[in-house]
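Here is the structure we will look at, set down as structure tokens.
The values are calculated or read from the model by the stated rules, or taken from the named source; none is laboratory data. Values in this document were obtained by computation on a predicted structure and should not be read as measured data. A quick note on method: Cβ atoms are made from the backbone with ideal geometry, for glycine too, and the neighbour counts reach across all protein chains shown.
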Amino acid sequence: MRRQPGVRLRLAVMAWVGVAATGSALAAKTLAPFPVALDVRWGANAGSDAFRDDLQRALAKILATECFSGVTIAGGDDAARAGALGYDVVLSGAVDETLFDDSIAATLQPGDPAKELRRVARFEVTVDASLTARVTGKLVSRKHLVAHVTRRPVYVGEDPQAMARVEAIGNIVHDLSRALGCGGTKLARKIEEAVSGAPDVAGPR
């Protein structure tokens, strides 16, 4: 049975994230004793909702297995947002383009399958992530990063744009889970201190 492009892309994302998580999965994990509400959304210069959804699914999978006792997707769910922890990931500055080695005239000319190999997909997105104790308003962790991927097709028929997005998702998930300290005792200790501490003057965020 032939899979649809969207299905193939989701399988590629899952495979990439699985490889990125292999190293941490081999070590003993300490899950933080609180569930987290995950919210991935676009800010300025938004990209596609499909990319956001794929990233949110991949990130939720890693957080649930490597970091926290449970993960819910917040979205517009006020009950989820009212939980002990909130992990907000804001995406911005999306760049999703294909550059061609050939001239425009040569690119438009039919009959040369190899011209597909003479293009470069470029994908870039800025990520700002923050883990907050909702009750006290205390910030537990913050990470700013720019994911930048360029990819050439390795065979005729490959979609370098799709694969560049897959690679970006894998890199983002790896960097965010590493920044949180997933699987370590330090993250659990920081969360317990933030949840049980006195509220910030500004109140919960």
## Note on the structure
Taking first residues from segment 125-136 that are under 19 Å from G43 (Cα atoms) and second residues anywhere that are β-branched (V, I, T) and assigned to a strand (DSSP E or B), the pairs with Cβ under 6 Å that are 6 or more apart or on different chains are T126/V146; D128/V90; A129/V89; L131/V140
#### Entry: Close pairs (9 angstrom Cβ cut-off, 6 or more residues apart or separate chains): under 18 Å from D53 (Cα atoms) and of a type in the set (S, T, Y) in segment 68-85, at pLDDT 75 or above and not in a loop (DSSP other than H, G, I, E, B) anywhere
T72/P35; T72/V36; T72/A37; T72/L38; T72/A60
### Task
Give the residue that is nearest to the chain's Cα centre (by Cα), with candidates limited to residues of segment 118-142 that are closer than 30 Å to E158 by Cβ and at pLDDT 95 or above.
V127
### Query
Can E167 be described as farther than 20 Å from K29 by Cα and modelled with pLDDT of 85 or more?
yes
### Query
Only one of (1) closer than 19 Å to E66 by Cβ; (2) at pLDDT below 95; (3) among the β-branched types (V, I, T) is not met by V195, so which one is it?
(1)
#### Entry: Single residue of segment 63-104 satisfying the filter (among the β-branched types (V, I, T) and either under 21 Å from R151 (Cβ atoms) or modelled with pLDDT of 95 or more (or both)) that is nearest to the chain's Cα centre (by Cα)
V89
### Message
Can you confirm whether T107 is assigned to a strand (DSSP E or B), within 29 Å of A46 (Cβ to Cβ), polar (S, T, N, Q) and modelled with pLDDT under 95?
### Response
no
### Task
Could you grab me the full set of residues in segment 143-184 that are in a strand (DSSP E or B) and out of contact with any Asp or Glu (no Cβ under 8 Å at 6 or more places or on another chain)?
T150
